[in-house]
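Take a look at the structure set out below.
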Amino acid sequence: MPYVIKRYSNRKLYDTQESRYVTLEEIEEMIRAGREISVVDATTGEDLTSVTLTQIILENERSRRASLPAAFLHQLIKHGEAWQDFLQKSMRSSLEGVVSSQRDMERFFREWSVRGGWGAMTPPGPEVRRDGGAEEADKLREELSVLRDRLRSLEERLQKRKTDAT
């Protein structure tokens, strides 16, 4: 269930769960912390979530915390709603893919840790053998080490790209 923020005619944003006024920066922090936010007009009930999130992005642009390329912004304005619809669908699909991949990786790491004997918190599944599987465990540990190294390498490459883009 989304976290509801009401926006009043004086442009103030009110957090209904914590009964206090909040700023755009605080809403941004909530989103970064993983909360799903819904912003509604206090009088009409109109959904203002997209407008508010866009406002947060523009504030970040103004303070140079994020920088969208001017060519991208030109294309967005030039092609209007068709371009925006395409971007929304593409971004939604990409984000769903990232989330799905992340879930799959977590599941694989959990399974490998159980098979490697590190999963004390997760009970082993029926397919895990306990009768002298030391050789298999060593193989899994080595595979896990290689995957960790690859993941670390990918994270470094991603960080480098982020740094180069700014």
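The values are calculated or read from the model by the stated rules, or taken from the named source; none is laboratory data. Not measured: the values here are computed from a predicted model. When we count neighbours, we look across all protein chains shown, and the Cβ atoms used for this are built from the backbone with ideal geometry, even at glycine.
A few notes on this one:
- Selected residue (criterion: nearest to Gly45 (Cα to Cα)) from residues of segment 1-11 that are more than 24 Å from the chain's Cα centre (by Cα) and of a type outside the set (D, E, K, R): Tyr8
- Phe108 vs. criteria aromatic (Phe, Trp, Tyr), assigned by TED's automatic domain parsing to the domain that holds Leu144 and at pLDDT below 90: yes
- Screening segment 16-42 for residues that are farther than 18 Å from Asn60 by Cα and without any contact (Cβ under 8 Å) to a residue 12 or more places away in the chain and picking the one that is surrounded by the most Cβ atoms within 10 Å (Cβ to Cβ) gives Tyr21.
- Residue match in segment 73-91 (condition: part of a strand (DSSP E or B), surrounded by 10 or more Cβ atoms within 10 Å (Cβ to Cβ) and at pLDDT 80 or above): no
- The residue of segment 25-65 that is nearest to Asp15 (Cα to Cα), among those that are aliphatic (A, V, I, L, M), part of a helix (DSSP H, G or I) and touching a strand residue (DSSP E or B) at 6+ places or on another chain (Cβ under 9 Å), is Ile27.
- All conditions but one from (1) part of a loop (DSSP other than H, G, I, E, B); (2) closer than 24 Å to Arg62 by Cβ; (3) in contact with a strand residue (DSSP E or B) (Cβ under 9 Å, 6 or more places away or on another chain) apply to Asn10; the one that does not is (3).
- Scanning segment 111-164 for residues that are aliphatic (A, V, I, L, M), surrounded by fewer than 13 Cβ atoms within 10 Å (Cβ to Cβ) and modelled with pLDDT under 75 gives Ala120, Met121, Ala134.
- Residue within segment 12-30 that is modelled with pLDDT under 90, within 25 Å of the chain's Cα centre (by Cα) and on the phi > 0 side of the Ramachandran plot present: no
- Odd one out for Ile5, checked against (1) in contact with a Lys or Arg (Cβ under 7 Å, 6 or more places away or on another chain); (2) hydrophobic (A, V, I, L, M, F, W, C); (3) in contact (Cβ under 8 Å) with a residue 40 or more places away in the chain: (1)
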